[in-house]
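These notes concern the structure reproduced below.
The values are calculated or read from the model by the stated rules, or taken from the named source; none is laboratory data. Just so we're clear, the structure is a prediction, and the values are computed from it rather than from any experiment. Positions of Cβ are generated from backbone atoms using ideal geometry, with glycine treated the same way; all protein chains shown enter the neighbour counts.
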Amino acid sequence: MKPYATRRAALIALMNAKGGGVAVIPTAPEVMRNSDADYPYRHDSYFYYLSGFTEPEAVVVLIAGKTNRSILFCRDKNIEREIWDGYRYGPEAAREKFGFDAAFAIDELDVEMPKLMANAPAIFYALGSDAQLDAQMQTWLQAVRAQARAGITAPAGAYDVHVLLNEMRLIKDADEIAIMKRAAAISGEAHARAMRVSRPGLHEYQIEAELLHEFRKNGSQFPAYTSIVATGANACVLHYRAGDAVLRDGDLVLIDAGCELDGYASDITRTYPANGRFSGPQKTLYEIVLAAQAAAIAEIRPGKRFTDGHDAAVRVLAQGMLDTGLLDRKKVGTLDDVIGKGDYRQFYMHRTGHWIGMDVHDVGEYRDPAPAGEEKPWRTLQPGMALTVEPGIYVRPAEGVPEQFWHIGIRIEDDALVTANGCEIITSAAPKTVADIEATMKQ
C-alpha cells in the first residue's frame, strides 16, 4: 500500500502549504441499471488514487495540521450481506490493509465529520461537483458553527481538492507506469487478435467480442471506454460504436479500443483492410496518417509544448491532402494557407492527443499558468506525463473530393510516456505499418 500512503502524504503536504485543513474525497456511488440489478461498479478515480480501496460507500478524509492523519470511512462488516454481495473488509481490516491511521464505519460519517472539522482552518473537497456532497458539507459546517459559544470555530476557507490532485495525477509514478504498460500490452494484443480473425462477412459486434475476450482473458477488469469498431463509411463517424454492420471486401475497419487494468486506461486505434490487403487509395491515405503520427511523436519530449505534436501532425496531414487532391490547390492556396485558414479540418477535425491515466481522457491542465490578462501558453511536457497520439483522415463524399477516397476513415493512435530524453510508445504490441498489418492478417 506504499504508493497510496505516499500520495496521501503528498496531498497533505500541499494542504499544509495552504494553511492546513480537512480534505474529503468520496468514492463513486453504486448505480442501478434496472429493477434490482446494478451497473458494474467502478470506484472514483480520485478516491482510488489515494486509497487503493475498491468497495463502494467509502470516503477518504485527510487531516493536515500540527498532526497529520489519514482516515477511511467504509462499510462495516456484515456477514449476511457478504453471503449475497461478497467479502467486505470492514473498518479495522481496511485500516490495517490500506495503511490508514484510523478507520470508521461509513454510518458514522455524519457524527465524526463535525468533530474533525472543528477548528480546522479550511476544507478541501470537489467544490460544486456533487450536489449530495455539497449538501453534506453544509450540514457538517452548520453543526460546527452551532458550537461557536463553546469557542469552536468552523473552517473559514474552501479549496477544490481536485485542483491539487489533478496536478499530482498528471505525473505518473513508477507503480502507475508499470500498470499502464501492462494495460497497453493487453490492448495491443487485443488489436492484433482482431486483425487475425477479421474477414469479410463478419459483423462489427463479432470483432468487438474478440477484443473483450482478450481484455478479460488477460486480467483486465473493464474496457476503458465503449469500443469503436467501424467498418466502411462508419469509420468517418468519430464516436461510432460497434454495431451490426457487416465487414465488406474492400472496406477498411477502424478499431478504437483499450482495456482498463487495476484502475488505469489504455487507448489504441488501428485501421486495417477487412480482406487483409490495402487498396492503392487506402494505402496512400494510411501512409500519410502514419507519417503524421511519426512527426507528432518526434515532438514529444521534455521542454516541448503539448500542442507541438498536433502542429507537426497537421502540417503532414495538410500536405498530404494537397498532394492527393483532397484539397484543391487552386482553391485553397499554399500549405500555410491551408493551415492558417483551417481548410484541413474538412478531413481532420479533432486534436492529436489527450492526457491518459486513470481516466482515458485523464485530468490535468493543458496550459501552463500565466500572469493575469495574458494568454496561457500550452503545457510544457515533463517526464512522467502520458498522452495519446492520434492523427486521422476522414473522407466523406463531397463535391470536388476524388471519389476513390470516399468513405475512407483512418485513425492511428498510440499511448506515449514522456521520458527524460524523449518518449516511449507503450502500445507497440498492436501492428501498425502496412507490412506488419498485412502480415498479421495472413495469420
### Query
If the Cβ limit is 6 Å and pairs must be 6+ apart or interchain, which residue in the range 34-60 that is farther than 17 Å from Met358 by Cα pairs with which residue that is surrounded by 20 or more Cβ atoms within 10 Å (Cβ to Cβ) and of a type in the set (S, T, N, Q)?
Ala58/Thr27; Val60/Ser51
### Query
Can you tell me how many residues in the range 18-41 are among the charged types (D, E, K, R) and either farther than 21 Å from Ile106 by Cβ or in contact with a His (Cβ under 6 Å, 6 or more places away or on another chain) (or both)?
3
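For (1) surrounded by 14 or more Cβ atoms within 10 Å (Cβ to Cβ); (2) under 26 Å from Ile177 (Cβ atoms), each residue gets a yes or a no:
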position: Gly19; (1), (2): yes, no
position: Pro26; (1), (2): yes, no
position: Met32; (1), (2): no, no
position: Ser35; (1), (2): no, no
position: His43; (1), (2): yes, yes
position: Val59; (1), (2): yes, no
### Task
Tell me which residues, restricted to the range 185-214, are in contact with a helix residue (DSSP H, G or I) (Cβ under 9 Å, 6 or more places away or on another chain) and touching a residue at least 60 places away in the same chain (Cβ under 8 Å).
Ile186, Ser187, Glu189, Ala190, His191, Ala192, Ala194, Met195, Arg196, Ser198, Arg199
### Message
Can you confirm whether Ala94 is assigned to a loop (DSSP other than H, G, I, E, B) and touching a strand residue (DSSP E or B) at 6+ places or on another chain (Cβ under 6 Å)?
### Response
no
### Query
Quick one: is Asp311 under 23 Å from Leu417 (Cα atoms), of a type outside the set (Phe, Trp, Tyr) and touching a Phe, Trp or Tyr at 6+ places or on another chain (Cβ under 9 Å)?
no
### Query
Which of the residues spanning the range 1-54 are closer than 26 Å to Ala156 by Cα and of a type in the set (Gly, Ala, Ser)?
Ala9, Ala10, Ala13, Ala17, Gly19, Gly20, Gly21, Ala23
### Message
Looking at the structure I just gave you, is Ala120 in the same structural domain as Gly20 (by TED's automatic domain parsing), touching an Asp or Glu at 6+ places or on another chain (Cβ under 9 Å) and crowded, with 17+ Cβ neighbours inside 10 Å?
### Response
no
### Message
Can you name every one of the helices (runs of 4 or more DSSP H) wholly within the range 253-354 that holds 1 or more residues which are under 24 Å from Ala242 (Cβ atoms) and aromatic (Phe, Trp, Tyr)?
### Response
280-297
### Query
Just to be sure, is Arg411 surrounded by fewer than 18 Cβ atoms within 10 Å (Cβ to Cβ), in the same structural domain as Asp251 (by TED's automatic domain parsing), in contact (Cβ under 8 Å) with a residue 24 or more places away in the chain and among the charged types (D, E, K, R)?
no
### Query
What is the number of the single condition among (1) surrounded by fewer than 21 Cβ atoms within 10 Å (Cβ to Cβ); (2) under 24 Å from Met15 (Cα atoms) that Gly86 does not meet?
(2)
#### Entry: In the range 97-111, residue nearest to the chain's Cα centre (by Cα) [restricted to those that are in contact (Cβ under 8 Å) with a residue 12 or more places away in the chain, surrounded by fewer than 17 Cβ atoms within 10 Å (Cβ to Cβ) and in a helix (DSSP H, G or I)]
Lys97
